[in-house]
Amino acid sequence: MNADPADQRKLLDLAELDGRIKRLRAAKANPPQAARVQELLAQRTTQTHELTRLIGLRDDLLAELARIEADVAVVDARAERDAQRLATSANAKEAQSLENELASLARRKSDLEDGELSVMERLETADSEVAAHEALIAATNDEGARLSAEAKTAVADATRDLEAAERDRAAIAAAMAADLVAMYDRISARGPGAGLLRRGTCEACMMVLSGTDMSAVRQAASDAVITCPECGAILVRTDESGL
Ligand SMILES: [Zn+2]
């Protein structure tokens, strides 16, 4: 194929824009924050399960505390009734039996109160664990919200830059020979589409052309479209080519 050398030089602009378009598409599809946002979502699920478990433990302790308090109330009611009966009892044997029971109820109440104290201490620990976990989840949510907002901005920036690059590319391609652009598109579908030949090196693949290849390039007409023997990219010749 033959093409205007000026058009061939424009292939370098197309190749540069195509590289940029590829990077912007990747940035748009997968902003740098995306991986961490996914991690945070998984982390929040784990943290939420753990919070549910901790709240369950705290609820168990609250239920235990309520049971002990109910038991204390029963003991108190019984002690009050016994004390009233004792106050009015004229029977020494009954009085003795009531005193024994009152002593036993006092021991029972003391045991219950010891148990109550222990449950309250555990409850305090459980409360602080629930609060600490809620703070962890809040921190996860905050980081997630911040990164999501950053990702949204990054996607919007990439989208805007991508549209500009695509417009530039369309404008450059429209001003070039259609068959040259078609050839470039075919080649760039599987690798670099064009590369500058600089001092005997193809800049698309960085291979140094052999003496034989270089003399073939020297002999080719200036409007001949030549390709790199290594990577297949269209070799664009300029004053820097070393010909
Ligand atoms: Zn090459």
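Quick grid of which residues meet (1) under 27 Å from THR45 (Cα atoms); (2) of a type in the set (S, T, N, Q); (3) not in a helix (DSSP H, G or I):
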{"residue": "ASP60", "(1), (2), (3)": "yes, no, no"}
{"residue": "VAL72", "(1), (2), (3)": "no, no, no"}
{"residue": "VAL75", "(1), (2), (3)": "no, no, no"}
{"residue": "SER128", "(1), (2), (3)": "yes, yes, no"}
{"residue": "HIS133", "(1), (2), (3)": "yes, no, no"}
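Scan segment 233-243 for residues that are closer than 17 Å to LEU180 by Cα and open to solvent by 20 Å² or more (accessible area, probe 1.4 Å) and jot them down.
First, the residues of segment 233-243 that are closer than 17 Å to LEU180 by Cα: 233-237.
Listed by number, the list holds a single entry, ARG237.
Filter segment 104-137 for residues that are over 20 Å from GLY56 (Cβ atoms) and of a type in the set (A, V, I, L, M, F, W, C) and give the result.
We begin by selecting, within segment 104-137, every residue over 20 Å from GLY56 (Cβ atoms); these are 104-117.
Hits for segment 104-137 are LEU105, ALA106, LEU112, LEU117.
Residues to consider are LEU54, LEU14, LEU61; find the one that is of a type in the set (A, V, I, L, M), closer than 30 Å to ARG146 by Cα and under 44 Å from the mean Cα position of the chain (by Cα). Working first, answer last.
Details: LEU14 fails: closer than 30 Å to ARG146 by Cα; LEU61 fails: closer than 30 Å to ARG146 by Cα.
On inspection, the qualifying residue turns out to be LEU54.
Within segment 26-41, which residues are open to solvent by less than 90 Å² (accessible area, probe 1.4 Å) and either basic (Lys, Arg) or in contact (Cβ under 8 Å) with a residue 12 or more places away in the chain (or both)?
Within segment 26-41, ALA27, LYS28, PRO31, GLN33, ALA34, ARG36, VAL37, LEU40, LEU41 qualify.
Which residue out of ARG44, ARG23 is touching a residue at least 12 places away in the same chain (Cβ under 8 Å), within 30 Å of VAL155 (Cβ to Cβ), basic (Lys, Arg) and open to solvent by 90 Å² or more (accessible area, probe 1.4 Å)? Talk me through it step by step, then tell me what you get.
Numbers: ARG23 fails: touching a residue at least 12 places away in the same chain (Cβ under 8 Å).
Exactly one of ARG44, ARG23 is touching a residue at least 12 places away in the same chain (Cβ under 8 Å), within 30 Å of VAL155 (Cβ to Cβ), basic (Lys, Arg) and open to solvent by 90 Å² or more (accessible area, probe 1.4 Å), namely ARG44.
If you take the residues in segment 157-169 that are surrounded by 15 or more Cβ atoms within 10 Å (Cβ to Cβ) and among the charged types (D, E, K, R), which one is nearest to LEU61 (Cα to Cα)? Can you show your working first?
Pass one, segment 157-169, residues surrounded by 15 or more Cβ atoms within 10 Å (Cβ to Cβ): 158, 161-162, 165-166, 168-169.
Remaining after also requiring among the charged types (D, E, K, R): 161, 166, 168-169.
Working: ASP161: 58, GLU166: 64, ASP168: 68, ARG169: 68 Å.
Per the stated criteria, the residue is ASP161.
Can you pull out the residues in segment 229-243 that are away from the ligand (no atom under 15 Å from the Cβ) and out of contact with any Lys or Arg (no Cβ under 8 Å at 6 or more places or on another chain)?
ASP239
Which ones in segment 161-190 are in contact (Cβ under 8 Å) with a residue 60 or more places away in the chain and basic (Lys, Arg)?
Pass one, segment 161-190, residues in contact (Cβ under 8 Å) with a residue 60 or more places away in the chain: 161-162, 165-166, 168-169, 172-173, 175-177, 179-181, 183-184, 188.
Of everything in segment 161-190, just one residue is in contact (Cβ under 8 Å) with a residue 60 or more places away in the chain and basic (Lys, Arg), namely ARG169.
So if I check each of GLU16, GLU50, which one is of a type in the set (D, E, K, R), assigned to a helix (DSSP H, G or I) and open to solvent by 80 Å² or more (accessible area, probe 1.4 Å)? Outline the logic, then answer.
On the way: GLU50 fails: open to solvent by 80 Å² or more (accessible area, probe 1.4 Å).
It is GLU16.
Could you please let me know if ALA92 is closer than 30 Å to ALA139 by Cβ, at pLDDT below 95 and either of a type in the set (A, V, I, L, M) or in the same structural domain as ARG169 (by the TED database) (or both)? Quick ask: steps written out before the conclusion?
Numbers: closer than 30 Å to ALA139 by Cβ: no; at pLDDT below 95: yes; either of a type in the set (A, V, I, L, M) or in the same structural domain as ARG169 (by the TED database) (or both): yes.
Judged against the criteria, ALA92 is not a match.
Among the residues of segment 190-228 satisfying the criterion of being at pLDDT below 95 and under 44 Å from the mean Cα position of the chain (by Cα), which is nearest to the ligand (Cβ to nearest atom)?
PRO192
Kindly indicate which of ALA182, ALA173, ALA154, ALA149 is open to solvent by less than 60 Å² (accessible area, probe 1.4 Å), in contact with a Pro (Cβ under 7 Å, 6 or more places away or on another chain) and either within 11 Å of the ligand (Cβ to nearest atom) or closer than 24 Å to LEU24 by Cα (or both).
Values: ALA182 fails: in contact with a Pro (Cβ under 7 Å, 6 or more places away or on another chain); ALA173 fails: in contact with a Pro (Cβ under 7 Å, 6 or more places away or on another chain); ALA149 fails: in contact with a Pro (Cβ under 7 Å, 6 or more places away or on another chain).
Being open to solvent by less than 60 Å² (accessible area, probe 1.4 Å), in contact with a Pro (Cβ under 7 Å, 6 or more places away or on another chain) and either within 11 Å of the ligand (Cβ to nearest atom) or closer than 24 Å to LEU24 by Cα (or both) holds for just one of ALA182, ALA173, ALA154, ALA149, which is ALA154.
When the residues of segment 191-229 are filtered to those that are touching a residue at least 40 places away in the same chain (Cβ under 8 Å) and closer than 21 Å to ARG20 by Cα, which remaining residue is surrounded by the fewest Cβ atoms within 10 Å (Cβ to Cβ)?
Going residue by residue through segment 191-229, those that are touching a residue at least 40 places away in the same chain (Cβ under 8 Å) are 191-200, 204, 221-225, 227.
So of that shortlist, the ones also closer than 21 Å to ARG20 by Cα come out as 191-197, 204.
Values: GLY191: 12, PRO192: 19, GLY193: 24, ALA194: 29, GLY195: 25, LEU196: 19, LEU197: 24, ALA204: 26.
Per the criteria, the residue is GLY191.
The values are calculated or read from the model by the stated rules, or taken from the named source; none is laboratory data. Here the structure is a predicted model, which means the values were calculated and not measured. Cβ sites come from the backbone with ideal geometry, for glycine too, and all protein chains shown count toward neighbours. The protein model used for the area step is the full one, side chains on, heavy atoms only, and it has no ligands, DNA or RNA in it. Shrake-Rupley method; radii C 1.70, N 1.55, O 1.52, S 1.80 Å.
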